[in-house]
1. Once amide H atoms are built 1.01 Å from N in the peptide plane, which residues 5 or more positions from Leu141, or in another chain, come under 5 Å H to H?
2. Please list, ordered by chain and number, the residues whose modelled amide H lies under 5 Å from the amide H of Val249; skip anything fewer than 5 residues away on the same chain.
3. Report the relative contact order of the stretch 120-263, percent, no decimals, based on alpha-carbon pairs under 8 angstrom and at least 6 residues apart.
4. Within 13 Å, Cβ to Cβ, of Arg42, how many net charges do the neighbouring residues add up to if Lys/Arg are +1 and Asp/Glu are -1?
5. Amide H to amide H under 5 Å from Leu130: which residues, 5+ apart in sequence or cross-chain, H placed 1.01 Å off N in plane?
6. Over the chain, with a single point scatterer placed on each C-alpha, what log10 of the ratio I(q)/I(0) does the Debye formula yield at q = 0.08, 0.10 1/Å?
7. Roughly how large, in nm² to one decimal, is the mean projection of the convex hull of the alpha-carbon atoms in the stretch 120-263?
8. Just want to confirm a number: the relative contact order over the chain, from Cα pairs under 8 angstrom separated by 6+ residues, in percent.
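Rule-based calculations on the coordinates, nothing more; no lab input. Quick caveat: nothing in here was measured; it's all calculated off a predicted structure. We place every Cβ from the backbone using ideal geometry, glycine too, and count neighbours over all the protein chains shown.
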Amino acid sequence: MPNEYPIRQAAELAGLTAEALRHYDRIGLVLPYRTDRQSGYRYYSDAEVIRLRTVRLLSCMGLPLRQIRTLLSLSGVEQIAGMLEEAERSADRKISELCDARARIRRARQHYLEKAALPRHPDSPWTERLPERVILLSATLHSPSVETLWNYHRHFYAQLGEDRRADFLFADTAGIYTAGTEEPRLFAVCTRYPAGAAPGEDGLLTLPAGPYLCADCREDEREAVRQALLRRAAEATGREPGFALQMIVLSGILQWEYRVQVYLGEPAG
């Protein structure tokens, strides 16, 4: 006589809940080894526990119960191999989505940790020395949206075209570039770009290293803060700043703030 496990013990062995086992019984996915006629209690053998573990594994890979039932009913080796291959592809897609979600959550968490450690008021700008950066300006986008920020790399790669895609790699950083009276342009920060590219070629710009006047702000404040920093920079240096950046700081999964940066230039002499 095989081992028998009451429903809660079988669920624990399979890594599922008792309610999941009841549901699988109702839809005919995994039936108990036997059901007590008087009490109605369900009992499962080792064979059902193994089947339940298989269901859980396939569910984790993203397969719907309907497809799992079909897979478990197959006897042809080629059919089973084909469906398992599809399950593997589904798992790869899910892993990619989870990695992306984890990166966004980690970035948001880091933002809040930094904000808690170094609280700054929007009316109190600070000076920060930043390294040289190369950016690619968008040919069509002037400000961010949920759609463009969720996967803005796709926009810039599409702008480059397939034949030039391999020449570029972008950091997980974007912003808005403004210079004088020109229309603002969304940009991505490049970590790889063609060697020897001329300044301004195909929207590529090199931002100089040096001191930048910085301030944090919200969406509704960013233009006022940009203007205020431009005035402060002009007063401090005696000349009009050549450009300003509004770096997009992802402060949540679908939320963002800005860090305005105005280049001060190196002091003469």
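1. Leu186
2. Residues meeting the criterion, in which the H sits 1.01 Å from N, are Glu257, Tyr258, Arg259.
3. It rounds to 31 percent for the stretch 120-263.
4. Details: positive: Arg8, Arg22, Arg26, Arg34, Arg37; negative: Glu4, Glu19, Asp25, Asp36, Glu48.
My count for the surroundings of Arg42 gives 0.
5. It is Gly210, Tyr212, by chain and number.
6. -0.56, -0.70
7. On the way: hull surface 35.3 nm².
Over every viewing direction, the Cα hull of the stretch 120-263 projects on average to 8.8 nm².
8. Value for the chain: 16 percent.
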